[in-house]
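**Q** Handing you this structure, nothing more for now.
The values are calculated or read from the model by the stated rules, or taken from the named source; none is laboratory data. Not measured: the values here are computed from a predicted model. With ideal geometry, Cβ positions are generated from the backbone for all residues, glycine too; neighbour counts draw on all protein chains shown. With ligands, DNA and RNA removed, areas are computed over all heavy atoms of the protein, side chains included. Shrake-Rupley method; radii C 1.70, N 1.55, O 1.52, S 1.80 Å.
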Amino acid sequence: MDEKAKTGCEGMNTEELCGSVERIVFQKDNSDWTVIEVETAAGIVKVTGELPSIAVGETVRLKGAWVEHPSFGRQFRAVTCERYAPDTTDALYRYLASGAIKGIGPALATEIVRKFGDETMQILENKPLRLAEIKGISEKKALQCGQEFATQAGLREILLAFSLYGLTPTEATRAYKKWGLETVKVVKANPYELCTNGLRIDFDRADAIAQGCEVSLDDPRRIAAGILHVLRHNVGNGHTCLPQSKLVERTAAFLTIPSQEPILKELYELELSLEVRHQETEKDTFWFLTPFFRAESYIASRMKLLISRGEAGRTDVEERIAALQKNKGIVYEERQKQAIVAAVNGASLILTGGPGTGKTTTLNGILALLESYGERVLLAAPTGRAAKRMTELTGRDAKTIHRLLEVQWGENDELVFARNEKNPLDADTVVIDEVSMVDVLLFETLLRALPGNCRLVLVGDCDQLPAVGAGRVLGDLIDSEALPTVQLTQVFRQSMESHIVESAHRVVAGKCPLTGYKEGDFFFLPRSTAFDTLQTVEDLCARRLPDRYGLSLLDGIQVLSPSRKGELGTISVNAALQAQINPPGPKKREIKIENAVLRQGDKVMHTRNNYDLAWKRDDGEAGTGVFNGDIGVLESLDEHGELLVVRYDDHTVTYTREDAKDLELAYAVTVHKSQGNEFEAVVLPLFGFDRKLWYRNLLYTAITRAKSLLVIVGDPYLMQEMVRNQNKSKRYTGLLRMLQEEEGL
């Protein structure tokens, strides 16, 4: 794409445009992104933007900026849109003829306007039954047309009101779906309702509207919204709950109110309305958003139920293990045998251990024996890449947990799962890998889909980072000591030959990796400045590793960074590597998404689960679903910059410009985002990032992502401090306490 092509209005002067909608050029399904033609005093203008449910014939007042498109020329990018009903007979005819009201097309539109003329609008608004005077329109259909017209009029009113509040058309539409024609009334009565789940409007913007309505700082509605905001914010940091002392203190500081008493009062009011729940302990009271309390409570009760089940009583397990060893030519060490016996005879098992300790060998033994008993075994992992790796290591089909549970979108843009208590999985055993990545809401959903007599085998590395989502499921389950757990600790000789494996185990033991290697699969390159560190990373990725190992950033090399921000964060490193590996060229099209440029040939990552995106394999097979963490290559862009094709391994996905907001450069990704993946070569820059990220399991997780080669570049002192800091990132959860409660054990 030409460098002059702009995709946003950043830094441009905002202008106003008025006119009548002449044509809907493009409107994407399940999205508000629309391209229209508007007739203005200066002629026909092409307009793009978020314009939900817009119809031909409507009058619009748009605010935005002019942009230059390389193929379509000058366009108006709308940021806000005020919409008004058609105000002339001609406009009303075009509105009706366009199909804006279901069941009315050009022929009926002609008859309606011919009969009622200038009174058509009044008839639609106040006397829709009169439409039945026209042949082909029954009284029932007339009432339906009037109702639909009223609905659209209500949406226009809401869009107008929301634009005055500075809210987008998409946000207005979400609110309208929730409250219908009462939307404006609800928001005026309590602007903090905009912060409720599903609307995704942050507290600060709702608070600004409330302050404009002269809502006091200590208004109970504001305090309640502030409490929920603090809890939701901390869910984003991994906490399922907060101690009362911290919650009250943080809420008071956030709302800038001097007294904590009103906050305590509103906490209990919120509990009465079922928004929050609390858990009493000897030392403190912990407060949860209700979905997270419900999730951890259910997990605890269901795991206790599994524990209470008796063993299968299979007496020939040892004989079958011996036969399996003979057939496979392997010898299991004692803990591996212990894990196989526990899995085959028990109702649940946690199998954990670091790299080189034989988790995969043990898991394959478990699967072989369960299948020898005729059991139906289902395998799953949290991410697409982790599921693919599980398939490769076990030789059996593995799915993402979402796919296993048959995820789909509900009516209110919420995820629903076809597999649940009423429609459980058809399985005798379910095996989940990379459990450290599973958050409490997903684990709850999985447990609800297990049949009552189903065995559950959980596999993971308890020393890795916890899930990106809230909770620490694997850590809490292990720490509770309530479930049968086998931790593999013996590193096998062939694995000990790997300096990567050796380094990982040294880090877990609180020792720094040995750094003097001249040969092998691990190297440490000390650097004294961020600039030198970044230059070395660029050189490694662009020249040294490709020349020596035949790898490339698109195929084999992955840069990992502890953080998104900073001189060595993924944002900066991605920009530097893109300039080195894939610079602009006359034949390379590109598109600006948010604040980054995506260019044809770039390595990209999908950052949010999208179950509706269609994909197509090279063999012609088709399906839907792209997942958070999937990494691919931007293969092509169309000449208009509206469609992008990304290749993921053996399949391609076509994105619209709107869908592409879920893409970002992936030459460098955060260590958190890399979980569940394994890369041939990992380059890890360590220099100058936030001290909050200087902890052991982050370094350990980064090291264990490397399969054949690991290069750490940067500050030796920083690496030493990470190894010393064995305090994992603190997470407040309730699951461990719930598991340790005596009742039900």
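**Q** From the residues in region 402-411 that are open to solvent by less than 30 Å² (accessible area, probe 1.4 Å) and not in a helix (DSSP H, G or I), which one is nearest to Lys177 (Cα to Cα)?
**A** Of everything passing the filter in region 402-411, Gly410 is nearest to Lys177 (Cα to Cα).
**Q** Something else now. Give the residue, chosen from Leu477, Leu465, Leu447, that is open to solvent by less than 10 Å² (accessible area, probe 1.4 Å) and at pLDDT below 90.
**A** Criteria check complete, one pass: Leu465.
So that you can scan it fast, the table gives a plain yes or no per residue for (1) crowded, with 22+ Cβ neighbours inside 10 Å; (2) farther than 28 Å from Glu497 by Cα; (3) hydrophobic (A, V, I, L, M, F, W, C):
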site: Asp690; (1), (2), (3): no, yes, no
site: Val711; (1), (2), (3): yes, no, yes
site: Val723; (1), (2), (3): no, no, yes
site: Leu736; (1), (2), (3): no, yes, yes
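**Q** Just a yes or no: is a residue in region 1-12 surrounded by 19 or more Cβ atoms within 10 Å (Cβ to Cβ) and at pLDDT 80 or above?
**A** Checked region 1-12: no residue is surrounded by 19 or more Cβ atoms within 10 Å (Cβ to Cβ) and at pLDDT 80 or above.
**Q** I've got another one for you. Between Glu37, Glu22, Glu68, which is modelled with pLDDT of 85 or more, within 35 Å of the chain's Cα centre (by Cα), of a type outside the set (A, V, I, L, M) and assigned to a strand (DSSP E or B)?
**A** Being modelled with pLDDT of 85 or more, within 35 Å of the chain's Cα centre (by Cα), of a type outside the set (A, V, I, L, M) and assigned to a strand (DSSP E or B) holds for just one of Glu37, Glu22, Glu68, which is Glu37.
**Q** Answer yes if at least one residue in region 205-228 is in contact with a strand residue (DSSP E or B) (Cβ under 8 Å, 6 or more places away or on another chain) and farther than 17 Å from Ala175 by Cα, and no otherwise.
**A** Yes, region 205-228 has at least one match.
**Q** Which of the residues spanning region 550-575 are crowded, with 21+ Cβ neighbours inside 10 Å and among the hydrophobic types (A, V, I, L, M, F, W, C)?
**A** If the condition is that a residue be crowded, with 21+ Cβ neighbours inside 10 Å and among the hydrophobic types (A, V, I, L, M, F, W, C), then Leu553, Ile557, Val559, Leu560, Leu568, Val573 are the ones that fit.
**Q** Scan region 673-688 for residues that are open to solvent by 10 Å² or more (accessible area, probe 1.4 Å) and more than 18 Å from Glu567 (Cα to Cα) and report the count.
**A** 4
Residue-wise test of (1) within 18 Å of Ala706 (Cα to Cα); (2) of a type in the set (Asp, Glu).
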site: Ile593; (1), (2): no, no
site: Tyr611; (1), (2): no, no
site: Asp619; (1), (2): no, yes
site: Gly623; (1), (2): no, no
site: Gly629; (1), (2): yes, no
site: Ser674; (1), (2): yes, no
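**Q** Output the residues belonging to region 279-331 that are at pLDDT below 90, closer than 19 Å to Asp476 by Cα and of a type in the set (Gly, Ala, Ser).
**A** Selection gives Ser308 alone.
Every residue, every condition in (1) open to solvent by 40 Å² or more (accessible area, probe 1.4 Å); (2) in contact (Cβ under 8 Å) with a residue 24 or more places away in the chain, yes or no:
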site	(1), (2)
Val67	no, yes
Asp87	yes, yes
Glu133	yes, no
Ala153	no, yes
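**Q** Quick check on my filter: what residues within region 364-390 are of a type in the set (Val, Ile, Thr), open to solvent by 20 Å² or more (accessible area, probe 1.4 Å) and at pLDDT 95 or above?
**A** Within region 364-390, just Val377 meets the criteria.
**Q** Checking Ile299 against (1) open to solvent by less than 60 Å² (accessible area, probe 1.4 Å); (2) over 14 Å from Leu456 (Cα atoms); (3) of a type in the set (Val, Ile, Thr): exactly one of these is not met. Which one?
**A** Status for Ile299: all satisfied but (2).
**Q** Next up: Just to be sure, is Val276 under 29 Å from Leu167 (Cα atoms), in contact with a Lys or Arg (Cβ under 7 Å, 6 or more places away or on another chain), buried (at least 21 other Cβ atoms within 10 Å of the Cβ) and modelled with pLDDT of 90 or more?
**A** It is false that Val276 is under 29 Å from Leu167 (Cα atoms), in contact with a Lys or Arg (Cβ under 7 Å, 6 or more places away or on another chain), buried (at least 21 other Cβ atoms within 10 Å of the Cβ) and modelled with pLDDT of 90 or more.
**Q** Being in contact with an Asp or Glu (Cβ under 9 Å, 6 or more places away or on another chain) and without any contact (Cβ under 8 Å) to a residue 24 or more places away in the chain narrows it down to one of Thr624, Thr656, so name that one.
**A** Thr624
**Q** Exactly one condition in (1) surrounded by fewer than 16 Cβ atoms within 10 Å (Cβ to Cβ); (2) under 30 Å from Leu442 (Cα atoms); (3) small (Gly, Ala, Ser) is false for Ser528; which is it?
**A** With (1) surrounded by fewer than 16 Cβ atoms within 10 Å (Cβ to Cβ); (2) under 30 Å from Leu442 (Cα atoms); (3) small (Gly, Ala, Ser) applied to Ser528, the lone miss is (2).
**Q** With a cut-off of at least 1 residues that are among the hydrophobic types (A, V, I, L, M, F, W, C), closer than 19 Å to Glu678 by Cα and in contact (Cβ under 8 Å) with a residue 24 or more places away in the chain, name the helices (runs of 4 or more DSSP H) lying wholly within region 417-513.
**A** Where helices (runs of 4 or more DSSP H) fall fully within region 417-513 and carry at least 1 residues being among the hydrophobic types (A, V, I, L, M, F, W, C), closer than 19 Å to Glu678 by Cα and in contact (Cβ under 8 Å) with a residue 24 or more places away in the chain, they are 493-496, 499-508.
Conditions tested, residue by residue: (1) surrounded by fewer than 17 Cβ atoms within 10 Å (Cβ to Cβ); (2) at pLDDT 95 or above.
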position: Glu502; (1), (2): no, no
position: Ala509; (1), (2): yes, no
position: Tyr517; (1), (2): yes, no
position: Val537; (1), (2): no, yes
position: Leu540; (1), (2): no, yes
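**Q** Picking from Leu181, Leu160, Leu199, which residue would you name as being modelled with pLDDT under 80, in a helix (DSSP H, G or I) and in contact with a helix residue (DSSP H, G or I) (Cβ under 6 Å, 6 or more places away or on another chain)?
**A** Leu181
**Q** Go over the candidates Ala681, Ala666 one by one and state the one that is under 30 Å from His499 (Cα atoms), within 20 Å of the chain's Cα centre (by Cα) and hydrophobic (A, V, I, L, M, F, W, C).
**A** Ala666
**Q** Considering region 692-709 alone, what residues qualify as being surrounded by fewer than 21 Cβ atoms within 10 Å (Cβ to Cβ), over 16 Å from Asp461 (Cβ atoms) and touching a residue at least 40 places away in the same chain (Cβ under 8 Å)?
**A** Leu693, Ser708
**Q** Let me ask something else. If we keep just the residues of region 42-65 that are charged (D, E, K, R) and touching a residue at least 40 places away in the same chain (Cβ under 8 Å), which is least open to solvent (accessible area, probe 1.4 Å)?
**A** Among those that are charged (D, E, K, R) and touching a residue at least 40 places away in the same chain (Cβ under 8 Å), it is Glu58.
**Q** Take Thr361 and tell me if it is surrounded by fewer than 22 Cβ atoms within 10 Å (Cβ to Cβ) and in contact (Cβ under 8 Å) with a residue 24 or more places away in the chain.
**A** It is true that Thr361 is surrounded by fewer than 22 Cβ atoms within 10 Å (Cβ to Cβ) and in contact (Cβ under 8 Å) with a residue 24 or more places away in the chain.
**Q** Turning to a different aspect of this structure: Go through (1) of a type in the set (S, T, N, Q); (2) open to solvent by 20 Å² or more (accessible area, probe 1.4 Å); (3) touching a residue at least 60 places away in the same chain (Cβ under 8 Å) one by one and return the number of the condition Thr352 breaks.
**A** Result: Thr352 passes all but (2).
**Q** Can you pull out every residue in region 135-150 that is assigned to a helix (DSSP H, G or I) and either loosely packed, with under 13 Cβ neighbours inside 10 Å or not acidic (Asp, Glu) (or both)?
**A** Listed by number, the residues that qualify are Glu139, Lys140, Lys141, Ala142, Leu143, Gln144, Cys145, Gly146, Gln147, Phe149, Ala150.
**Q** Here's another thing I want to ask about it. For region 302-320, give me the residue count where each residue is open to solvent by 50 Å² or more (accessible area, probe 1.4 Å) and part of a loop (DSSP other than H, G, I, E, B).
**A** 7
**Q** Out of all the residues in region 120-131, which are open to solvent by less than 20 Å² (accessible area, probe 1.4 Å) and within 44 Å of the chain's Cα centre (by Cα)?
**A** Leu124
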